[in-house]
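Each reported figure results from applying straightforward, stated rules to the coordinates on display, with no laboratory input. It should be emphasised that the depicted structure is a prediction, and the values quoted were computed from it without experimental measurement. When we count neighbours, we look across all protein chains shown, and the Cβ atoms used for this are built from the backbone with ideal geometry, even at glycine.
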Amino acid sequence: MSLFKTKEWWRTKCGSNETFDRSSLLVAPLFGDDRKDCIVIGSHQGYLRIYYLSSQWQDETKSSTGYKSIDLMTETKLGDCIVDLKAGKLVSGSQDPHLAVLTSNKLIVYTVTLTKGSTEQGDQCNLEIAYEHRLPRFPASLVVGPFGGVRGRDFLCVQCLDGTLFFYEQEAYAFSQLLRNRLYQNIAEFGRNQKQGETKNEAAKSLEPEWSYNIGEAVVDIGAVTLSSFEIGIVVLGEKNLYCFKDTGASLKYTKRLDYKALCFHAYVIEPDGKLMVFVIADTSTLMIYEGTTLKWSAQLPFVPVAVTRAHFQYLDGLIVILSEEGQLEACYLGSEPSLFIAPAVHRRGFDYVAAEEELLEVRRKLKEMKLSGDQLAVTPVTDMELLVNVNISPDLEPCPFVDKESKEDQEIRQLSMCRATIELSSYTTLYGVQVCIDVSKPFVSTITYRLIQNLCDKQVVQTLIYPSGNLPVMSSEVKITATYENDRGNLRIMQKTTELPLKLMLRACPPENTSTFTVIIKCNESLVGFNQLFPEFSGDHLRRQNWNTLGLQHIQTGQVVTIVSGSTSNRYRVQSNDGLSMSLVVQQLVNRLKDKSTGRLAASISQHHVQLVHVQMELHFLCRQEVDRINTELALLMTQLRNIEKRMLRAARERNSRSLTATGLSFLLSSTYDAISGLLDDLAAAQTTIPNPRHSNSKSSDSFNNIQHFRGRSLRLSLSAYLSILPEADIAGARIERILINSINLSTSLQQQQQQQQQQQQQKSIV
């Protein structure tokens with residue numbers, strides 16, 4: 001991490017939901033040398049943008065004016081992915097610079113004209129197609145230069161993915177050359193006083209290179225700079241080293257070992273001294289500036305760029321232009337004032353020795369219980385001092401644009417079916433590779449499930465939206481936040497925090513039901529707590545219209561009703577419903593809130609229907625897995641049959657058999673096999689979509705059953721857990737049994753055929 005940070009001169013965001021790479025950035029004086037440079041951006045989605053910076057320094061505010069709307073000269077949609085951008089003298093009879101855009105199937109050369117404006121809208125830029133070339137293959141890169149030592153004009157070379165080079169003398173196609181034994185090509189730069197370009201790979205056998213050099217590592221990028229009128233330097237950025245070669249032979253000028261992972265670079269020469277300077281971007285968002293092998297300066301960038309270059313604008317020369325993969329474009333300069341980060345003081349906490357002794361005795365007691373029970377106590381390293389994670393889930397619901405409004409009755413509730421979660425990460429020291437994973441239970445979905453922070457040195461905020469998707473019953477409201485990171489000593493740490501979603505996101509108050517199939521009774525040895533204190537979010541008109549000892553809660557997703565009845569003469573709660581799966585969430589919330597509001601002991605009892613529910617869900621899940629295995633087996637047999645049919649048809653075509661394929665019946669058999677495979681694929685897709693439903697219900701119902709049995713005794717809970725752990729093995733065993741049955745049937749069939757053949761042979765012998 002650098003002590004200095006770059007200073008922003010101009011910044012903007014190029015579109016939304018677009019991606020860019022190092023070939024998406026071009027800086028060139030398209031409007032003439034007197035108008036300085038302009039920035040050309042091409043995205044993978046086909047958008048072409050041209051910026052002409054008007055930012056200048058203000059003495060009053062001691063800052064630049066920044067981005068203005070008039071800076072965007074033009075924005076157009078080409079329709080195809082933009083692979084590369086180049087500028088040069090590309091039109092015959094003209095010395096003006098033109099823009100070459102390489103798309104996925106075309107090479108287009110544009111004439112860029114500037115029309116000065118007399119209003120507040122500023123100048124206007126027009127793009128006109130000078131000519132275009134259709135490409136017969138998929139392109140990889142574009143090179144522009146005076147090939148063959150020509151003067152006053154530039155030619156074009158397109159390199160394709162299969163190693164073919166297409167050369168164009170401006171409007172005319174020249175020739176093509178195939179470079180064999182290449183998997184991926186990328187020509188980097190053309191030497192201005194040479195007659196060849198440099199590539200990343202060595203030449204094929206059909207072409208002999210003038211010189212080659214094995215650097216022993218993968219090449220990230222290549223660039224060529226003019227050092228003098230008779231010398232050109234070839235700068236190569238490897239994974240671990242930076243090289244500089246002479247163009248006259250395999251002579252290495254210098255090499256620099258890099259202690260970091262390099263992403264991109266840019267080489268340039270300072271006149272009139274002829275000093276070679278190189279920008280190198282590290283994966284830690286740090287800009288390294290080298291003069292030869294000497295590091296002259298380093299500065300921290302605001303984001304991780306994928307492309308970097310140097311530009312001269314109308315109000316300031318030598319600005320650094322960087323572009324990120326998401327489209328953040330910034331022109332910045334090096335600042336000489338350091339941005340110091342002072343670590344906050346670690347406050348010494350006053351220790352209470354009496355409380356510490358009691359806590360020590362409690363820990364020893366728990367260790368003794370764990371040792372007697374045979375369980376192992378998981379020891380987690382203390383990471384609170386290194387990484388602070390604060391999770392805040394807003395209790396206010398928001399309209400959800402992702403959920404369809406199914407009925408007019410639930411329209412208001414469906415509109416407010418999304419909550420916002422904010423995760424704050426802070427640390428007093430630098431942490432590397434911080435990965436944040438957000439896990440929610442079905443049917444809820446989080447818009448952000450994974451976020452990677454390369455370097456965490458200050459406060460970072462991650463916001464996500466959580467909303468329901470699907471009609472699965474909600475059985476848990478937990479949200480698990482898992483953070484993994486590496487500290488400055490190289491130790492890997494894991495930290496996890498658990499919070500809960502607002503209950504209004506899943507339930508709503510409704511009239512209670514009298515009849516029920518599933519019942520759970522929770523007893524307490526203290527006085528009962530009222531529903532107004534247990535469920536204050538539902539203490540509205542619905543609760544006031546109901547009896548004081550009953551509360552009806554309805555699942556928003558499934559519409560199932562769960563009723564809670566508090567005893568009038570006994571200290572107990574009865575949770576009842578016609579759907580056993582819907583009771584899991586309500587029972588869990590009731591128990592957790594009773595623990596917070598009451599200090600008494602809790603005891604629970606369940607009916608036999610809950611055990612039957614677990615068995616039914618296990619059986620349903622097992623049958624779904626068996627159906628998927630059966631379809632996969634039939635698909636494998638049909639694919640073998642299809643390959644045999646294709647081999648027979650290919651053999652008949654090669655032998656030029658006089659009989660037609662229709663007479664042999666192979667075409668009919670091929671068509672019927674295709675239809676059977678298509679039908680089985682549809683059945684497989686339908687079966688695979690039904691597997692998550694019983695799996696989700698089975699997992700959550702068993703968890704709910706274990707939580708209830710926790711109050712009745714530990715032995716039954718352990719036996720049930722061991723019984724449920726057989727489920728994945730039962731799936732595998734079912735598949736093995738099915739395969740054994742199929743093999744046994746095939747074996748019995750073959751034995752019967754052998755017996756029939758033996759009987760026929762004996763009959764023939766007796767006749768003779």
Treating only Lys and Arg (+1) and Asp and Glu (-1) as charged, each at its beta carbon, one finds that region 1-158 has a dipole about its Cα centre, in Debye to the nearest 20, of 380
Residues meeting the amide H criterion for residue 67 (H placed from the backbone, H to H distance under 5 Å, 5 or more places apart or on another chain) are 11
In whole Hz, the Karplus estimates of ³J(HN,Hα) for region 418-428 (6.51, -1.76, 1.60; θ = phi - 60°; x where Gly or Pro) are 8, 10, 10, 10, 10, 10, 9, 10, 9, 7, 8
Here, trypsin sites (Lys or Arg not before Pro) of region 209-264 satisfying both criteria (DSSP loop; at most 12 other Cβ within 10 Å) are 261
So the pair-distance distribution of region 443-592, from every Cα-Cα distance in 10 Å bins, comes to percents of 9, 33, 27, 15, 11, 4, 0
In debye to the nearest 20, the charge dipole size for region 230-342, taken about the Cα centre with +1 at each Lys and Arg Cβ and -1 at each Asp and Glu Cβ, equals 400
Long-range amide H partners of residue 264, meaning residues 5 or more apart or on another chain whose placed amide H is closer than 5 Å, are 281
Between residue 275 and residues 5 or more places away or on another chain, the pairs with built amide H atoms under 5 Å apart involve 270
If each K or R counts +1 and each D or E counts -1, the residues other than residue 125 whose Cβ falls under 12 Å of its Cβ total -1
Taking 111, 599 and counting other beta carbon atoms within 10 angstrom, the fewest-first order is 599, 111
The alpha-carbon center of region 225-296 and that of region 1-47 are separated, in whole Å, by 21
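Just need the Rg to Rh number for region 19-181, please, alpha carbons only, Kirkwood Rh.
That ratio is 1.02, to two decimals.
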Here region 157-173 yields Karplus 3J(HN,Hα) values (6.51, -1.76, 1.60; θ = phi - 60°; whole Hz; Gly and Pro given as x) of 9, 10, 9, 9, 5, 8, x, 8, 10, 10, 9, 10, 8, 6, 6, 10, 7
Under the 7 Å Cα-to-Cβ spin-label approximation, residue 482 and residue 251 lie apart by a distance in nanometres of 5.8
